[in-house]
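Notes to accompany the following structure.
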Amino acid sequence: IDVLLRPEVLVFEPLWTVIPGNKAILPVLWQLFPNHRYLLDTDFEVNDLLKRTGYAVKPIAGRCGSNIDLIGAQDELLDQSSGKFVDRKNIYQQLWCLPKVDGRYIQVCTFTVGGNYGGTCLRGDDSLVVKKESDIEPLIVVKDK
């Protein structure tokens, strides 16, 4: 794995990842599928619902939890992260805080391979914002009896 961290090694993502990796798609999805159970209200500006529920401020082209502000329903700053995406346009997404397990905020990450389930990992952090430095938590999958 160390070979991937060498400066002379360049890893490029496929061009198709630009669209799902860009958060500007989220307000469009919300407009197309309002109140869908797998989507959060997301807009290019703070709307009335976001003011009532709290919201996350995320850079459109941000990555790895950088430059996120979490604003509560009382307009208080709950948490924030720094990063290199300071001068970017933002989206505003309904606040949905991660569950806290044993003092850590846990994010469940799943991925597919060839359209099929490929795996799951857990990311954990003491902060409400999971970042690239956040830990990969132990996970065991047990088959139902």
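The values are calculated or read from the model by the stated rules, or taken from the named source; none is laboratory data. If you're wondering where the values come from, they're calculated on a predicted model, not measured in any experiment. Positions of Cβ are generated from backbone atoms using ideal geometry, with glycine treated the same way; all protein chains shown enter the neighbour counts.
Out of (1) in the same structural domain as Ser134 (by TED's automatic domain parsing); (2) closer than 17 Å to Tyr38 by Cα, what's the single condition that is false for Tyr117?
The single condition Tyr117 does not satisfy is (2).
What's the number of the condition Asp69 fails, among (1) within 21 Å of Gly21 (Cβ to Cβ); (2) among the acidic types (Asp, Glu); (3) surrounded by 13 or more Cβ atoms within 10 Å (Cβ to Cβ); (4) outside the structural domain of Gln31 (by TED's automatic domain parsing)?
(4)
Any residue that is within 19 Å of Asn22 (Cα to Cα), assigned by TED's automatic domain parsing to the domain that holds Val28 and of a type in the set (A, V, I, L, M) - is there at least one of those in region 76-84?
no
Quick check: anything in region 33-46 in contact with a strand residue (DSSP E or B) (Cβ under 9 Å, 6 or more places away or on another chain), surrounded by 11 or more Cβ atoms within 10 Å (Cβ to Cβ) and more than 25 Å from Cys109 (Cα to Cα)?
yes
Residue-wise test of (1) surrounded by 13 or more Cβ atoms within 10 Å (Cβ to Cβ); (2) without any contact (Cβ under 8 Å) to a residue 40 or more places away in the chain; (3) hydroxyl-bearing (Ser, Thr, Tyr).
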site: Glu76; (1), (2), (3): no, yes, no
site: Ile91; (1), (2), (3): yes, no, no
site: Trp96; (1), (2), (3): no, no, no
site: Lys100; (1), (2), (3): no, yes, no
site: Gln107; (1), (2), (3): yes, yes, no
site: Thr112; (1), (2), (3): no, yes, yes
site: Asn116; (1), (2), (3): no, yes, no
site: Gly119; (1), (2), (3): no, yes, no
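Here are Asp69, Asp79, Asp126, Asp135: which of them is modelled with pLDDT under 95, out of contact with any Cys (no Cβ under 8 Å at 6 or more places or on another chain) and not polar (S, T, N, Q)? I'd like the intermediate steps shown before the answer.
Details: Asp69 fails: modelled with pLDDT under 95; Asp79 fails: modelled with pLDDT under 95; Asp126 fails: modelled with pLDDT under 95.
Every option except Asp135 fails the conditions.
Looking at region 113-131 only, could you name the residues that are among the polar types (S, T, N, Q) and within 28 Å of Gly72 (Cβ to Cβ)?
Here is the first cut: in region 113-131, the residues among the polar types (S, T, N, Q) are 116, 120, 127.
Matches in region 113-131: Ser127 only.
Which number in (1) surrounded by fewer than 18 Cβ atoms within 10 Å (Cβ to Cβ); (2) not in a helix (DSSP H, G or I) marks the one condition that Arg52 misses?
Unmet for Arg52, out of (1) surrounded by fewer than 18 Cβ atoms within 10 Å (Cβ to Cβ); (2) not in a helix (DSSP H, G or I): (2).
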